[in-house]
1. Which whole-Hz couplings ³J(HN,Hα) result when phi for each residue of region 258-271 is put into the Karplus expression 6.51 cos²θ - 1.76 cosθ + 1.60, θ = phi - 60°, listed in order with x for Gly and Pro?
2. Going through the cross-link list 65/196; 260/288; 46/196; 68/133; 133/174, which pairs have a Cα-Cα distance over 19 Å in this structure?
3. Per residue of region 131-142, in order, report the coupling 6.51 cos²θ - 1.76 cosθ + 1.60 (Karplus, θ = phi - 60°) as ³J(HN,Hα) in whole Hz, putting x for Gly and Pro.
4. Which log10 I(q)/I(0) values does region 191-282 give at q = 0.13 Å⁻¹ under the Debye formula, counting every alpha carbon as one identical point scatterer?
5. Mind pulling up the Rg/Rh value for region 237-306? Radius of gyration and Kirkwood radius, both on Cα.
6. Any chance you could run the full-extension gain for residue 3 through residue 239? It's 0.36 nm times the residue separation minus the Cα-Cα distance, nm to one decimal.
7. Taking amide H atoms as placed 1.01 Å from N in the peptide plane, list the residues 5 or more away in sequence, or in a different chain, whose amide H sits under 5 Å from that of residue 210.
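Bear in mind these aren't lab numbers, they're just calculated from the coordinates by the rules spelled out. Because the structure is predicted, anything quoted here is derived from the model rather than measured.
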Amino acid sequence: MAKKQFKAESKRLLDLMINSIYTHKEIFLRELISNASDAIDKMNYKAIGDSSIAVSAADLKIDIKVDKEARTITISDNGIGMTDEELEKNLGVIAHSGSLDFKTSLEEGAESNIIGQFGVGFYSSFMVADNVKVITKSFGTDQAYCWESNGVDGYTIKECDKSGWGTDIILHIKPDTENDDYCEYLDSYRIQDLIKTYSDYIRWPIHMDVESGSWAETDETDENGEPKREYVTTVEDKVINSMVPVWQKKKSEKADEEAKEFYKSKFHDFEDPLSIVRVNAEGITSYKAMLFIPSKAPYDFYSREF
C-alpha cells in the first residue's frame, strides 16, 4: 500500500516535536492513556444512551503490556474505536489551529511546551518510538484498520484483523543512544511509576501484568535435612491506578503533593502553583472543586481577550 504523507506544516511540526520541543519524553504514556480514557468515555456514554448495547462500565479498561525482547509497549483499550475515515482525520493531520506562529517561535529557540496545546499528544509517541502502529475497530463495525508510521516519513492505513472493538497502540522503542536511555521505558517498574505519577486519577482501571517473587520450600533437603528453598516468580494482572481524583482526596492523604503534580501535567506548567484553593460545598447541590493559582502569568496572558 502506498505511503501517505503528512501535510507540509504537520510534517515540520512533527519533526520539531520529535527532535526538540519536549525534553520530558516520559509524558508520552500520559498522553496515550488520556486518549484511551477518552475513547472509553465515549463507549460508556454510548452504552448509557442505548439500552440495547450490552456493554457494562465494569468491563471497560485500559491494558498496558511491555515486551522487552521485542522492544514494544502496547496500550490497549476497549473504547469506541475508529473507522478508517476517523483514522485519517485524527492521525493523518496534526491539529495546527493557531500553531504556525508558535512553531516559528520554537524554531527561534523559545522555551515552551506544545504538547497538550494543539492536539498533538498522540505524536509524543515518536519521542520514544521509531515506529508506531495503531490497530483499531470501531464499535458496531466488522472491519478493523491498521495505521502505521515511523514519523515524518508518512503513514499507511490498511485493513487488518482484530477480535474486539477498541484500539491497540504498539510502540517500538528506539535503541539507546549516548544521551538517551530508551530502555528505561521497557522496565515494568518504570512504567508503573509513570502511571502512578501522571495517570493515577484516570477513572478507568489501568491493568498490567506485574511480576513478583517469594521464597518457597521445595521437596528437597540440604545436608542438614532442612527443606531447600527456591525463589518462585509469579505474574499477576494488577490494577495500577487508584482511580480516585485528586480533588476528592483530603489534605491528610498528602493530596497537596499530588495536586501539584496534577496541576503541572494537566496545565502544562513546569512550576508548582502559587496556591491551591479547595472548595467543598454542601447543600441542595454538593460539589468539590480545586482552584490553582499559577506562580507566573501565562505567556499569552496579556495578548488574549480577557
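1. Per-residue couplings from phi come out as 5, 5, 5, 5, 4, 4, 5, 6, 7, 10, 6, 10, 7, 10 Hz.
2. Details: 65/196 16 Å; 260/288 17 Å; 46/196 29 Å; 68/133 17 Å; 133/174 14 Å.
As for pairs spanning more than 19 Å Cα to Cα, those are 46/196.
3. 8, 10, 10, 10, 10, 9, 9, 6, 4, x, 10, 9
4. -0.62
5. Numbers: Rg = 15.0 Å, Rh = 14.1 Å.
Across region 237-306, the Cα-based Rg/Rh ratio is 1.06.
6. Numbers: separation 236, 0.36 × 236 = 84.96 nm, distance 3.81 nm.
Extra length from residue 3 to residue 239 when fully extended: 81.1 nm.
7. 236, 237, 238
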